[in-house]
Amino acid sequence: MKQNWAFVACMLLSVSLLAQTATQTVRGTVVDKETKAPLLGANVVLVTEDEELKGTTTDFDGIYVLEKVPVGRRAFVFSYTGYEPIHLDNIVITSGKEVILNIEMTESSETLDSIVVYSKKLGEASNVMAAGSSVREFNKDETELYAGSRGDPPRMASNFAGVQGADDTRNDIVIRGNTPQGLLWRLEGVNIPNPNHFAISGTAGGPITILNNKYLADSDFFTGAFPAEFGNGIAGVFDLRMRNGNDQHHEFSAQLGFLGTELSAEGPISKEKRSSYLLSYRYSTLRLFDFMGIPTGTGAVPKYQDGAFRVNFRTKQGGNVALWGIGGYSRIDIKNSELKSPKDLEDPDKYAESDRDQVFNSRMGVVGLTYTQPLGKGKDAFLKATFAASSQVIDSEHWKIFRHVEEEGGDSVFVLDSLPPFMGFYMGENKYSAYFSFNKKLSRLTRTIMKVGLNTDYYSFTYVDSFRTVLYTPDTTISDWRLRWNTHGKGALLVQPYVQFKRDFGEGLSAMAGLTSMYFSLNNNSFSPLEPRLGLAYEFRNKKKDDKKENKFVRNNQRLSFGYGLHSQIVPPYIYFFGYETKGREPQKHNYDLSLFKSHHLVLGYDWSIAKAMRLKLETYYQYLFNIPVEKKSSAFSLINTGSGFDRLFPDTLVNEGTARNYGFEATLERFFSGGYYFLITGSVFDSKYRGSDDTLRNTTFNGRLALNGVIAKEFTFKGSALNIGAKLTYVGGRWRGLIDREASDQIQDIVFLNSNMNTIQLKPYFRADLKASLRWNRPKVLHEFSIDLVNVTNYENLLLLTYVPGHPSGEPIQETYQLGFLPIFYYKLDFSLGK
């Protein structure tokens with residue numbers, strides 16, 4: 001521990017603080033938010049402390065260039081006649097790369113006797129149909145403020161009200177008490193597989209994200225009552241977007257840190273046609289942690305690599321074609337057979353059972369082609385079409401460890417007897433997607449907007465799993481091999497049409513209404529004919545007179561909202577094909593006819609902008625979930641308690657007869673970065689209960705009842721450089737488990753809980769404190785950035801789970817496994833540009 005702190009101190013003290021004043025170019029486009037049509041003559045103004053105006057206007061294609069902007073945090077105002085002005089504060093300008101700000105502006109509501117004047121609020125969603133939804137926009141600069149987030153979108157989102165991290169070893173998130181597998185991932189408007197390394201079938205998270213904030217644009221995160229365009233998710237939505245590369249100059253970035261080595265490049269393909277490329281690659285091995293003696297939760301060394309690309313071409317009349325993709329590969333070889341003595345079992349592996357060797361591989365990739373085009377003489381419509389192909393494969397092999405203990409030089413040592421194989425599996429899902437949407441402004445006077453679309457996904461499933469029972473007992477048990485999955489190339493089509501409207505009724509009232517439907521062709525039960533979505537928002541306004549004695553309605557910074565939605569989701573696909581029993585060599589697929597499980601969302605919110613850079617947000621919600629898969633026989637099992645961790649499910653026959661309900665109250669007090677500091681304080685009080693097939697009302701596994709988060713960051717600037725210091729505190733009520741069935745656990749050498757006492761014992765609360773320090777050093781055309789995250793600085797032991805460890809030196813095989821302790825994460829980044 002002392003060595004780790006000494007290392008941190010040395011890294012901070014070794015940084016030179018000499019710098020010189022530098023400037024940078026800010027460029028981008030300004031378009032209409034609904035139709036994506038370029039806006040000619042829009043004003044772009046840099047707001048300076050001495051009130052000296054520095055600005056420019058957009059050209060025919062909506063393009064602007066603002067040169068010689070001083071490095072540091074800057075503010076910009078975008079305005080255009082008939083449109084709501086946009087104020088962007090705290091845009092980080094560095095010397096290493098140009099800043100690209102692509103702005104989408106919304107038309108103002110105007111009548112003959114009144115004019116509505118207001119601007120976009122900080123943190124407001126990008127999605128124009130988000131009225132009434134629980135939603136929050138997040139961006140790259142924001143992710144870098146949060147201590148402990150590691151640039152990871154789910155870990156960053158766990159700071160928001162109503163969102164909890166599952167555990168330190170993974171980035172699964174629990175949204176308002178829901179199962180983590182209820183989270184929908186979207187990229188460029190397309191549903192994508194789980195974008196995490198070392199992913200497990202049926203989960204939406206993993207230990208390390210494949211995503212990288214170097215290529216992500218501002219995106220939206222929904223936690224309830226989301227619009228009709230989103231389907232196949234009951235808990236929340238990450239709606240991610242990729243940015244375009246710089247279309248005028250070649251720029252490069254290199255990063256070296258504990259979590260990997262990263263390289264990225266971007267630049268023009270043709271400056272005249274404003275086409276661009278963006279490339280990113282990361283390779284990592286955690287061997288550096290092992291070398292420095294920093295525990296990572298496993299004795300093995302995980303290896304992973306990932307990358308992304310985007311090639312963008314502008315077409316005539318404001319159109320655009322983009323070819324894009326992301327992907328990752330990960331592998332870990334866990335060799336518990338190489339443990340030397342029983343003492344090595346005192347701290348069990350957090351990522352695998354200690355009674356086996358295993359090799360685990362996962363890979364994920366998606367490639368897409370997106371075409372967008374403004375339409376109509378008045379550019380009052382917009383067409384978008386995306387075609388994508390994606391794949392996710394998880395495969396593993398397991399060997400059971402047979403060994404005995406001998407005395408050697410007064411010490412007990414392991415002697416390996418044999419390593420019989422007992423499990424191997426391949427879980428593969430390929431998907432081919434076609435998404436179409438059409439936006440149309442039906443009335444400029446009332447800002448009535450229509451969006452219709454069709455989302456289609458064709459799945460191809462390949463699942464193969466061979467297993468035999470191998471138990472280490474006085475009478476060793478080895479059964480015959482049997483197949484639990486044996487599906488090759490089975491196809492199914494998921495279709496989701498939708499329509500949604502948004503209208504401004506004047507006097508601050510706006511509404512969104514939508515309908516969607518979902519059909520999954522795998523069986524005859526997976527059809528949801530109508531799923532209504534509704535959003536209402538009322539903004540309090542003050543009436544004022546201008547110089548011409550015309551009425552002006554100006555925001556008084558308060559907003560009420562209401563949202564409702566019926567949402568549905570398919571069961572994790574591998575469960576459809578599982579065979580609890582095998583006849584001959586063919587698994588009996590007893591869950592093949594499961595239908596969609598669903599959830600009603602109700603949300604009521606109040607948002608008050610207390611000051612220019614501070615807001616208070618209050619939300620209360622109620623969710624009723626039904627058609628949840630539970631066991632056909634009377635039991636406490638429910639799919640609502642699954643979706644986190646490293647284990648697949650092996651359920652008995654399931655039926656869609658389970659229910660659950662979640663309700664709670666959330667509060668957020670946030671000061672957006674201003675005056676050199678930032679803070680975010682969130683609190684949630686909630687209750688999450690469910691009923692299994694035994695019809696008993698129980699706590700869900702994730703019913704912590706209370707969650708508190710506090711994040712603060714302070715920035716010190718000097719000579720063109722900036723030092724950022726941040727901290728984070730998290731407190732979450734403990735999760736729930738039942739009493740252990742000791743006899744059954746000893747029989748199969750794995751943890752088995754008593755059915756009658758499921759989720760009656762609450763674990764101790766989760767607590768973690770993180771610190772972060774980063775230094776940006778601007779030099780001409782070059783940015784140096786040093787950063788270190790100190791995760792769990794108090795080294796507090798949070799309980800992870802119970803594991804069964806045969807041969808544990810204590811003589812008790814059932815052991816508590818704790819989450820990660822203190823973990824320092826350091827990186828150095830270099831950004832530089834060419835051709836200026």
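The values are calculated or read from the model by the stated rules, or taken from the named source; none is laboratory data. Since the model is a prediction, treat every value here as computed from it, not as a measurement. Neighbour counts run over all protein chains shown; Cβ positions are idealised from the backbone, glycine included. For accessibility, only protein heavy atoms count, side chains too; no ligands or nucleic acids. Shrake-Rupley method; radii C 1.70, N 1.55, O 1.52, S 1.80 Å.
Does Ala352 satisfy the criteria of being open to solvent by less than 60 Å² (accessible area, probe 1.4 Å) and part of a loop (DSSP other than H, G, I, E, B)?
The answer is yes for Ala352.
Quick check on Ala199: is it farther than 22 Å from Lys689 by Cβ and of a type outside the set (Asp, Glu)?
It is true that Ala199 is farther than 22 Å from Lys689 by Cβ and of a type outside the set (Asp, Glu).
Go through segment 88-98 residue by residue and tally those that are within 15 Å of Arg27 (Cα to Cα), open to solvent by 20 Å² or more (accessible area, probe 1.4 Å) and not in a loop (DSSP other than H, G, I, E, B).
3
Inspect segment 152-161 for any residue being open to solvent by less than 10 Å² (accessible area, probe 1.4 Å) and acidic (Asp, Glu) and give the result as yes or no.
Taking every residue of segment 152-161 in turn, at least one turns out to be open to solvent by less than 10 Å² (accessible area, probe 1.4 Å) and acidic (Asp, Glu).
Which count do you get for residues in segment 641-661 that are among the β-branched types (Val, Ile, Thr), modelled with pLDDT under 95 and either within 28 Å of the chain's Cα centre (by Cα) or crowded, with 21+ Cβ neighbours inside 10 Å (or both)?
Residues meeting the conditions: 1.
Any chance you could count how many residues in segment 305-328 are aromatic (Phe, Trp, Tyr), surrounded by fewer than 22 Cβ atoms within 10 Å (Cβ to Cβ) and either in contact (Cβ under 8 Å) with a residue 40 or more places away in the chain or in a loop (DSSP other than H, G, I, E, B) (or both)?
1
Condition check: under 12 Å from the mean Cα position of the chain (by Cα), among the polar types (S, T, N, Q) and within 25 Å of Ile93 (Cβ to Cβ). Does Ser149 satisfy that?
yes
Taking segment 385-413, which residues are open to solvent by 20 Å² or more (accessible area, probe 1.4 Å), at pLDDT 95 or above, farther than 20 Å from Asp357 by Cβ and more than 22 Å from the chain's Cα centre (by Cα)?
Phe387 - this is the single residue of segment 385-413 that is open to solvent by 20 Å² or more (accessible area, probe 1.4 Å), at pLDDT 95 or above, farther than 20 Å from Asp357 by Cβ and more than 22 Å from the chain's Cα centre (by Cα).
Is it fair to say Leu616 is open to solvent by less than 20 Å² (accessible area, probe 1.4 Å) and either hydrophobic (A, V, I, L, M, F, W, C) or without any contact (Cβ under 8 Å) to a residue 24 or more places away in the chain (or both)?
It is false that Leu616 is open to solvent by less than 20 Å² (accessible area, probe 1.4 Å) and either hydrophobic (A, V, I, L, M, F, W, C) or without any contact (Cβ under 8 Å) to a residue 24 or more places away in the chain (or both).
When segment 752-780 is examined, which residues are found to be surrounded by fewer than 20 Cβ atoms within 10 Å (Cβ to Cβ), part of a loop (DSSP other than H, G, I, E, B) and within 30 Å of the chain's Cα centre (by Cα)?
The answer is Leu763, Lys764, Pro765.
In the list Gly664, Gly658, which residue meets the criterion of being over 14 Å from Arg176 (Cα atoms) and touching a strand residue (DSSP E or B) at 6+ places or on another chain (Cβ under 8 Å)?
Unique residue meeting the criteria: Gly658.
Residues of segment 669-682 being modelled with pLDDT of 95 or more and open to solvent by less than 20 Å² (accessible area, probe 1.4 Å), which ones?
Matches in segment 669-682: Thr682 only.
Condition first: in contact with an Asp or Glu (Cβ under 8 Å, 6 or more places away or on another chain), surrounded by fewer than 19 Cβ atoms within 10 Å (Cβ to Cβ) and closer than 25 Å to Tyr459 by Cα. Now tell me which residues in segment 358-384 satisfy that.
Asn361 - this is the single residue of segment 358-384 that is in contact with an Asp or Glu (Cβ under 8 Å, 6 or more places away or on another chain), surrounded by fewer than 19 Cβ atoms within 10 Å (Cβ to Cβ) and closer than 25 Å to Tyr459 by Cα.
Could you please let me know if Arg691 is open to solvent by 30 Å² or more (accessible area, probe 1.4 Å) and at pLDDT 95 or above?
yes
All but one of (1) open to solvent by less than 20 Å² (accessible area, probe 1.4 Å); (2) modelled with pLDDT of 85 or more; (3) not charged (D, E, K, R) hold for Ile208; which doesn't?
(1)
State all residues of segment 662-693 that are of a type in the set (Gly, Ala, Ser), on the phi < 0 side of the Ramachandran plot and over 24 Å from the mean Cα position of the chain (by Cα); if no residue qualifies, say none.
If the condition is that a residue be of a type in the set (Gly, Ala, Ser), on the phi < 0 side of the Ramachandran plot and over 24 Å from the mean Cα position of the chain (by Cα), then Ser674, Gly692, Ser693 are the ones that fit.
Which of the residues spanning segment 213-247 are part of a loop (DSSP other than H, G, I, E, B), within 24 Å of Leu259 (Cα to Cα) and open to solvent by 10 Å² or more (accessible area, probe 1.4 Å)?
Selection gives Asn213, Lys214, Ala217, Asp218, Arg241, Arg243.
Would you mind stating whether Ile628 is touching a Phe, Trp or Tyr at 6+ places or on another chain (Cβ under 7 Å), under 26 Å from Phe160 (Cβ atoms) and of a type outside the set (Gly, Ala, Ser)?
Yes: the conditions hold for Ile628.
Which residues, taken from segment 346-392, are under 28 Å from Pro420 (Cα atoms), among the hydrophobic types (A, V, I, L, M, F, W, C) and out of contact with any helix residue (DSSP H, G or I) (no Cβ under 9 Å at 6 or more places or on another chain)?
The answer is Val359, Phe360.
Just to check your reading of the model, which residue among Lys490, Lys502 is under 30 Å from Leu604 (Cβ atoms), basic (Lys, Arg) and touching a residue at least 24 places away in the same chain (Cβ under 8 Å)?
Lys502
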